[in-house]
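As structure tokens, the structure follows; a few thoughts come after it.
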């Protein structure tokens, strides 16, 4: 009996660390396979490249994790990425055209970044208002916002791309490519942004009342409300933050490409959700962590880049990613069952020992 | 078991055990159902009554044990199977579809079908009409269930079971939502059913009515069978003794405490009900420091709503509240918590606990505003210090404070909810049915906590339907009926009779009809 129990608990520890183990195995597998072909998968350059790719999904995933922890979902982030990129790109490329006055204003890059971030927050707030004030289900509300933002992104340029976002010395708006291509202490700026946002998100989720309240809302919003948690206000904050994350990603991508295209960010919301789910966050809310999401994002990233380097076609990559996501959820459910079973086992054990004590 | 009862047993359960994760709901219970009798099953909340009934009705399967129906061993894996064998169950919560008609409800999932495609509505309605005539009820088979009164809905439930030719009918708290008149009507119907050879298993907390309607009585306590007796051999105090294990006095004892200065004054509290009328109307009362104020009333009297008004759950509620002479202006829950109100909600699972969080996480949830440095930074040692102190003080049994709160027993979960409200450092503690669904020992502990808090000078407002508990612990008892204050009795004057009488004010039309 005791041995059986121990098996259960070892199994559970393995289950709990499953994403991390998957990450480990993937890395080893790609390293071995690719080294046979003379490629060093673990070279610093390659790892930085992968992390740069991962950062996009991971930053969106951080915002998405909080949303999903409250029991919601945000389908609009991909479109907000696109729209924010277009707004920033437009402001650099065309400036702000005031037809009535017949003038065009060119802002400095840092102002443009602030405007874009504010826009992301505003769109996220709009999501939050639709959900909390008008009682629209998060799936529907953000689905609507997904269409609205994508539409606006196309309207901004009539579907065209804003190229040459280097800016002009004469207009005083140079420096935008630094976000995507610049380096600080040898690491790309986007990775630094990821690190800072990750650290902040982990701090908020673990060490502040706000984080605790987010978990409580997802676990049981009625109980949270009766405990004095301002459910509506916190839900607003969470969606606004998700919009902020999308704006950050929009800026990074536009800067990396030195161009803004209205279709940028399509299906990014799904990658972000996949990373969150792979990271062990429950779609019903209340359970999960930002750290898990980052691991989930790395699993998706390493899988993607590794398969590319192996020469697997993009079509097959999609199939494999799909299988991985489903497998993760199946494992998740197996883990839940295992937990329930071990709880029953411990009750039975308790009962048995209780009886023995009685007979003794 | 009395000898003469043994012969006519139609259903017998032997050695039933049922385990849930973390708890043993039934621990080797024997139960016999006698043909054409009302077989009463009593026990405190959480004693395992409902679980036993669910097993008999095929909703749950027993972990161990055997069930014999008419002498043959049976094992139901679904309610449908049990229904086919003639066992019908009427749940505590109504299981009707309010958006469908009476006859559609009665034939739910067993529709009469023409040519394998169309529902034969006329035939269903005719059958329902016949059934209603048999039950002497005037209910239109085509009426929507949502349009019926609660009592009538109960009758539809019974009719539904009878339509499936049930000859064993399980009634789980059938009267909890009924008015006095409707209860009389139900009892007449039960007599009718008995005369037709239907066996009834009857679960209720209203002990007086058990003596009136029951033939045999089986008492469960903490998942164990205590005893089975013939009703004519026993009386009310006997039932109470069996239920609480002969320690009624000690469990519900009230320790001396000093009632102090005026703490809370409420003037003309009113709450408009959605869809017209008042949940609470023009209610005024005061509460002293160190006073335990009990509130009694029937279901729907507005007791929970009164507590919710004080807690700020209904921002549109009218009236004035003065705490320690200061007028309360904030109308959100978080402001009320800071003002010094704390609520222990009625529904522990849905309103009291966040099941996905740990014991400590739940306990500190309402006090983070106080625990966090500058309102931002939470330090684990600050939280642990307060949580640990409380765990010791309340003798909460848990494998550490980091385990999920859902792994605790009902009584310990309730202590977590109480602990959560105490950590907010309240001046007024609002307790809504704090002993519901917890075992007797835990009840005693909850009451001793309440006593201790009163001694410390907290004002406590306690709502409970258990009249014995209420009279034992309260310094003063207010009675509500249909949102109005209908009684205010000091401890000495609050006999059971005056409380029940005051709680029925406004229900007079129905009780008059029944005494006709």
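Taken over the protein assembly as shown, the convex hull of the Cα atoms encloses 236 Å³ per residue. When each of B:64, B:433 is scored by the number of other beta-carbon atoms lying within 10 Å, the sequence from fewest to most is B:64, B:433.
Summed over qualifying helices (DSSP H, 4 residues or more, each -39500 (n - 2.57)) and divided by its residue number, chain B shows a 222 nm mean residue ellipticity of -9500 deg cm²/dmol. Exposure proxy for B:127, A:244, B:97: other Cβ atoms within 10 Å of each Cβ, ordered fewest to most, give B:97, B:127, A:244. Taking other C-beta atoms within 10 angstrom as a stand-in for reagent exposure, A:24, B:68 fall in the order A:24, B:68, fewest first. Counted over all Cα-Cα pairs of chain B, pairs farther apart than 33 Å make up 46 percent.
If you wrap region A:169-317 in the convex hull of its Cα atoms and look at it from every side, the mean projected area works out to 12.1 nm².
Taking a temperature of 10 °C and a viscosity of 1.306 mPa s, what whole-number D in µm²/s does Stokes-Einstein yield for region A:56-334 with Rh from Kirkwood over alpha carbon pairs? The Stokes-Einstein estimate is 82 µm²/s. Spread over its residues, the convex hull of the C-alpha atoms of region B:356-424 is 74 Å³ per residue. For region B:309-400, the average shadow cast by the Cα convex hull is 7.8 nm², which is a quarter of the hull's surface. Percent antiparallel among DSSP beta bridges with both residues in the protein assembly as shown, to the nearest 5? Taking every DSSP beta bridge with both residues in the protein assembly as shown, the antiparallel ones total about 60 percent. Here the average projected area of the convex hull drawn through the C-alpha atoms of region B:3-250 stands at 14.7 nm².
By the Kirkwood approach, averaging reciprocal distances over each pair of separate Cα atoms, region A:38-119 gets a hydrodynamic radius of 15.8 Å.
Per-residue mean of foreign Cβ neighbours for B:342-352 is 3 (Cβ atoms of other chains, 10 Å radius). Peptide B:373-385 has a mean of 2 when you count, residue by residue, the C-beta atoms of other protein chains within 10 Å of its C-beta.
Extension gain, residue A:337 to residue A:270: 0.36 nm times the residue separation minus the Cα-Cα distance gives 21.4 nm. Per-peptide packing, taken as the mean over residues of other Cβ atoms within 10 Å, places B:114-123, B:191-200, B:26-35 in the sequence B:26-35, B:191-200, B:114-123 from highest down. With N as its number of residues, region B:174-242 has a Cα radius of gyration that, divided by 2.2 N^0.38 Å, comes to 1.16.
Within region B:24-91, the proportion of C-alpha pairs whose separation exceeds 18 Å stands at 37%. When the P(r) is computed for region B:366-516, the part past 19 Å accounts for 62% of the Cα-Cα pairs. Sorting A:146-155, B:228-237 by their mean Cβ neighbour count within 10 Å, with the most densely packed peptide first, gives A:146-155, B:228-237. Protection proxy ranking, highest mean first, for peptides A:202-212, A:225-235, A:295-305, A:313-323: A:295-305, A:225-235, A:202-212, A:313-323, where packing is the per-residue count of other beta-carbon atoms within 10 Å, averaged. Shielding of peptide A:204-211 by partners, expressed as the average count of other chain Cβ atoms within 10 Å per residue Cβ, is 4.
Here the contact order of chain B, divided by its residue count and restricted to Cα pairs under 8 Å and six or more residues apart, works out to 16 percent.
None of the figures in this text is laboratory data; all of them are computed from the coordinates on show. What you are looking at is a predicted structure, and each value in this text was computed from that prediction instead of being measured. Cβ sites come from the backbone with ideal geometry, for glycine too, and all protein chains shown count toward neighbours.
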